[in-house]
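This report concerns only the one structure given below.
The values are calculated or read from the model by the stated rules, or taken from the named source; none is laboratory data. Computed from a predicted model, the values in this text were never measured in an experiment. For neighbour counting, all protein chains shown are included, and Cβ atoms are generated from backbone atoms with ideal geometry for every residue, glycine included.
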């Protein structure tokens, strides 16, 4: 009798193992192939539409993405109450084209599939209720986001588009990220397949690439805002703000008859030499081009990496790791040292943010934040909390350090230099009465016949930084070839800083 019971137990155990293996194989190993099978697509659409997907919320609880019950073929439909305003951050959830941005990176929570939600899911199943997802709370400040979007969509300020990113230096929280052009995610979340197909085709064929955020997805030459990193490299390698560096009328470039000139062909003050601090204040190209040659691409590249840039071999992908973010983004890029072999002129241009140096407002807001945060680079953060369907927090995400960009001493020296830019340099248009603003202007030259991009990177108050702002005005704005970061972008950063400090 005992042997029969033992055989029966073994047999049941084997069956249980086979059953568990089959379930796990289907749910884990074969899930993607099953989901991608066209024969199962319709079934998958129906199943996903039966989930009451969790909300995406602003930092004050404003809903940015919701699910609503329908009377149609699919039970729930995803909707975006603020449409284009947050599209590049929420992304879209489409039954036909998948999901992007927060809808994708936090999809396990939003769809109710996270392990933390299993008891909730089982309870709903037993009670015959629809499956419910968790909500996520973002760092986004609605007032700042609306102001930033108003600015980037104002043709009198950014005729050809642009972007703004606002960040808390000591936490990495992204308070606003606005870019023009943008798109309406509701057009893609529709359950009308023909309408959705028409919308995605139009977006993909648009030469302005509205599905990509100019704040975080696309890359642009930084111009002189990159001098923050070049100056940091010099300071970290023993050069002081008061050390004098060569200041010729124009820089003779090695291995060529070409020269590097200052913006507009001007001559920087100070005679044949100029202090590093003064060269930074007046944004002297010839001095910083020479400094780039002196420091070399290896040291500059290593410093750029510490600020969150990656090394790359243009036009390829990043060759080194980048700082994580809650949604996909393109980190700032500096060419690896091999790219400059036997091409010293490019090294000089890299020192002033040209020569295939590329970045975007998110990366430059990270640079400004690291300087403001005593040299510590924080991981940019977009989500702070996950809440179950009852509104209880089941996951909290604390600020994380991404590394040390520069020493506290270097951060203080850079801050003083950036303060001088706003107080009496190229960035005076960003000055705010009663607030010490630190900033750096940039006018990024492009190809022949193309108008420059105008930059401003900043933080305030300099003594106790609360906010960092990066602004880019693209393709000459409404000024054209005469555009400068000091005239076009600095006043816009001023608006964002004032609003952030008033709100804080």
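In table form, for the structure just shown:
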{"item": "Members of segment 95-114 that are in a strand (DSSP E or B) and buried (at least 21 other Cβ atoms within 10 Å of the Cβ)", "result": "99"}
{"item": "Boolean, residue 471 is touching a residue at least 60 places away in the same chain (Cβ under 8 Å) and in contact with a helix residue (DSSP H, G or I) (Cβ under 8 Å, 6 or more places away or on another chain)", "result": "yes"}
{"item": "Residue satisfying condition, being over 20 Å from residue 300 (Cα atoms) and modelled with pLDDT under 95, within set 399, 389, 380", "result": "389"}
{"item": "Flag for residue 154 being under 28 Å from residue 219 (Cα atoms), touching a helix residue (DSSP H, G or I) at 6+ places or on another chain (Cβ under 6 Å) and surrounded by fewer than 18 Cβ atoms within 10 Å (Cβ to Cβ)", "result": "no"}
{"item": "Search result, residues across segment 305-329 that are in contact with a helix residue (DSSP H, G or I) (Cβ under 8 Å, 6 or more places away or on another chain) and over 20 Å from residue 171 (Cα atoms)", "result": "311, 313, 314, 320"}
{"item": "Total residues in segment 396-426, condition touching a helix residue (DSSP H, G or I) at 6+ places or on another chain (Cβ under 9 Å) and within 20 Å of residue 175 (Cα to Cα)", "result": "1"}
{"item": "Of all residues making up segment 233-254, the number that are more than 16 Å from residue 352 (Cα to Cα), more than 35 Å from the chain's Cα centre (by Cα) and touching a residue at least 40 places away in the same chain (Cβ under 8 Å)", "result": "1"}
{"item": "Some residue of segment 173-180 being under 28 Å from residue 48 (Cβ atoms), modelled with pLDDT of 95 or more and surrounded by fewer than 19 Cβ atoms within 10 Å (Cβ to Cβ)", "result": "no"}
{"item": "Unique match (being crowded, with 18+ Cβ neighbours inside 10 Å, at pLDDT below 95 and over 23 Å from residue 198 (Cα atoms)) among 28, 51, 14", "result": "51"}
{"item": "Among residues of segment 277-291, those that are over 16 Å from residue 251 (Cβ atoms) and in contact with a helix residue (DSSP H, G or I) (Cβ under 8 Å, 6 or more places away or on another chain), counted", "result": "3"}
{"item": "Where a residue in segment 298-312 is touching a residue at least 60 places away in the same chain (Cβ under 8 Å) and at positive phi and its partner, wherever it lies, is crowded, with 24+ Cβ neighbours inside 10 Å and not in a loop (DSSP other than H, G, I, E, B), with Cβ under 8 Å and at least six apart", "result": "308/363; 308/366; 308/367; 308/370"}
{"item": "Residue 161 vs. criteria modelled with pLDDT under 95 and over 16 Å from the mean Cα position of the chain (by Cα)", "result": "no"}
{"item": "Odd one out for residue 197 among (1) touching a helix residue (DSSP H, G or I) at 6+ places or on another chain (Cβ under 8 Å); (2) over 20 Å from residue 166 (Cα atoms); (3) outside any loop (DSSP other than H, G, I, E, B); (4) in contact (Cβ under 8 Å) with a residue 12 or more places away in the chain", "result": "(1)"}
{"item": "Residue within segment 446-455 that is within 17 Å of residue 144 (Cβ to Cβ) and within 22 Å of the chain's Cα centre (by Cα) present", "result": "no"}
{"item": "Residue list for segment 476-504, restricted to those being within 15 Å of residue 161 (Cα to Cα) and modelled with pLDDT of 95 or more", "result": "485, 488, 489, 492"}
{"item": "Subset of segment 251-275 (residues that are over 20 Å from residue 484 (Cα atoms) and at pLDDT 80 or above)", "result": "251, 252, 253, 254, 258, 259, 270, 271, 272, 273, 274, 275"}
{"item": "Residues (in contact with a helix residue (DSSP H, G or I) (Cβ under 8 Å, 6 or more places away or on another chain) and more than 20 Å from residue 183 (Cβ to Cβ)) located in segment 90-109", "result": "109"}
{"item": "Residue match in segment 69-82 (condition: surrounded by fewer than 16 Cβ atoms within 10 Å (Cβ to Cβ), touching a helix residue (DSSP H, G or I) at 6+ places or on another chain (Cβ under 8 Å), at pLDDT below 95 and in a strand (DSSP E or B))", "result": "no"}
{"item": "Residue 217 vs. criteria modelled with pLDDT under 95, outside any helix (DSSP H, G or I) and either in contact with a strand residue (DSSP E or B) (Cβ under 8 Å, 6 or more places away or on another chain) or more than 22 Å from residue 415 (Cα to Cα) (or both)", "result": "no"}
